[in-house]
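Data first, discussion second: the structure below is written as structure tokens.
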Amino acid sequence: MSGGRRGASGLIVAIVVSSPVLAGIVYSILGALGVAGPGADGMSLRHFQVVLGDSATWRSILWTVWIALASTLAATILAMGAAAIFRAQQGVDRFARLVAIVPLAVPHVVAALCGVLILSQSGLLARLAFAASLQSSPADMPALTSDRYGIGLIIALVWKEFPFLALVAFALIAQRGVALEETARTLGAGALRTFRVATLPALWRGLLPAMIAVFTFVAGNYEVAVLLAPSSPLALPLLTMERYTDSSLAARGDAFVLVLLAIMVSLWGVIAHEWFASRVEVVE
Amino acid sequence: MNAMRSLPRLGLAALLVFATLLPLAFLVALSVSSDWFYPNLAPRRWTGANWDLLRRSGAVIFSSLRVSAALALATGAVSSISGLFAGRKIARLDGWRGRVAVACAFLPVAVPPLALSIGLQYSLLKMGLGGRFSGVLFAHVVPALGYTTLFFVGIFAVFDWLVEDEARSLGASPRDVIMRVTLPLLRRPLVEAFALGFLVSWAQVPLTLLIGQGLVRTLPLELMSYVSAGQDHLAATAGLVLTIPPLALLVVTALAVRRLGAVIA
């Protein structure tokens, strides 16, 4: 087969793989413009104006970014700490590294379930507080699920995303950290300075692509938000679902605009991921 | 002195183990108990009734487990085989064609499942696939195929194409090359791709919810219903059942990594 024909067939295969998504994006654009979908009401930018002019949209986006940012940063800090501490090839360190990655196997919906069962006002934490005489009824327990600041949601997401970031951090320390640290020590750096100038930058640079992947995934996740997020402000996936399942067909067009916003966030994540990944390679 | 120095490390390791395993241990305890209400720290009764439901054909948890397993197995099979052929074609592209093709394959992975569900729903309803097993299967295959295609692009990037050339020079037909040379060589990546596709479908929520329209009931959807209904014991049992296949896969991978002498295990 000639190179040109092989190239064309390869591209066709790639387009077939992505065609349902491309069709979905085109349909969402047409739906947002009021041309297609159950709420089609004639071509206009009305749905864009309604959604982008609604303060609930911006509150939802900001709240979603807060949740994704807080959980990604907290999970990253914990992963960096675990990688810096548990680095020996044998004994406790090896066991700790193995246990740390266990939640990687737990589906997100199960992580959310654990959040509900442990953090709710009659959950395990509340029972322990009762046993320790710190409270006398569920109402004494601060609301950690469906709470305004998304504390329970953040805790569940940190528990779920920590293993992935830790896995990357363990590999980074083993592959590059040790050599960099030895160089720093040879040049006279103490333990703290070695950590600051060698370990931390190596971990940070290496973890950036994984952090962006986690941020993007968390921002678009539906099932954890539906079990742990509050009804006000609504997380972006929940706001999208609310508009899409609204009994008023006119709200469907708004949902398509929200879908396009979510896709833009994801594509931003992909571009940022590629940019940082190429920079990390250059640095290394 | 060494023992003194390792004490904080032991404490931190114990904290890590506690924080990681406590939620799962609580799920196990809930799944084998009943009548466990606030503020009790232990249940009134230990029972295997929740797990027994998994074997009773009339139970909702049993039927949803069957639907989930069928969907995940079919998604794994379709996406691993299709991904092999798509990845093989894309991996042979170079220059801008290669970059565009990989970006296309990345699209189903990058778009959030909820956005994908809303985009797909209309087309699938028009095709008469809404609320049907086949429609949900198609929807699950979309992201799974993205993952398996990218997986095989990586596999074929380091594949020794000379083996196929040699088979052809010895008179093998294109079909023989695939069936008797390429596929046997790729048996292990195929199994891994199958597992990848299986897992994408196994824990899928938004695609099942919107395309299945509540008529295709999988275990993750039942788990969410149990949580809403306050049926913690059944929710915990469903949660553990959902965790077992990925956990088994993680153990197998960790053992393989250990054999290769890598850093995690």
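Assorted remarks:
- Test: residue B:67 is more than 19 Å from residue B:238 (Cβ to Cβ) and assigned to a helix (DSSP H, G or I): no
- Scanning the range A:23-71 for residues that are over 30 Å from residue A:108 (Cβ atoms) and hydrophobic (A, V, I, L, M, F, W, C) yields a count of 9.
- Residue count for the range A:37-69, restricted to those that are over 30 Å from residue B:79 (Cα atoms), within 14 Å of chain B (Cβ to nearest Cβ) and outside any helix (DSSP H, G or I): 3
- Counted residues, the range A:22-35 - those being under 25 Å from the mean Cα position of the chain (by Cα) and buried (at least 24 other Cβ atoms within 10 Å of the Cβ): 2
- Qualifying residue in the range A:162-181 (condition: under 14 Å from the mean Cα position of the chain (by Cα) and farther than 18 Å from residue A:69 by Cβ): yes
A quick yes/no check of all residues on (1) modelled with pLDDT of 95 or more; (2) surrounded by fewer than 17 Cβ atoms within 10 Å (Cβ to Cβ); (3) of a type in the set (D, E, K, R); (4) within 30 Å of residue A:130 (Cα to Cα):
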residue	(1), (2), (3), (4)
B:1	no, yes, no, no
B:4	no, yes, no, no
B:16	yes, no, no, yes
B:23	yes, no, no, yes
B:50	no, no, no, yes
B:77	yes, yes, no, no
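- Residue in the range B:103-115 that is without any contact (Cβ under 8 Å) to a residue 40 or more places away in the chain and surrounded by fewer than 20 Cβ atoms within 10 Å (Cβ to Cβ) present: yes
- For the range A:136-155, the condition of being modelled with pLDDT of 90 or more, farther than 20 Å from residue A:228 by Cα and aromatic (Phe, Trp, Tyr) holds for none of the residues.
- Residues that are farther than 16 Å from residue A:82 by Cα, surrounded by 14 or more Cβ atoms within 10 Å (Cβ to Cβ) and polar (S, T, N, Q), drawn from the range A:176-199: A:194
- Verdict on residue A:26 being in contact with a Pro (Cβ under 9 Å, 6 or more places away or on another chain) and under 30 Å from residue A:223 (Cβ atoms): no
- Odd one out for residue B:43, checked against (1) buried (at least 19 other Cβ atoms within 10 Å of the Cβ); (2) not in a helix (DSSP H, G or I): (1)
The values are calculated or read from the model by the stated rules, or taken from the named source; none is laboratory data. As the structure is a computational prediction, the values presented were derived from the model and not from experiment. Neighbour counts are summed over all protein chains in view; Cβ atoms, including those assigned to glycine, are modelled from backbone coordinates with ideal geometry.
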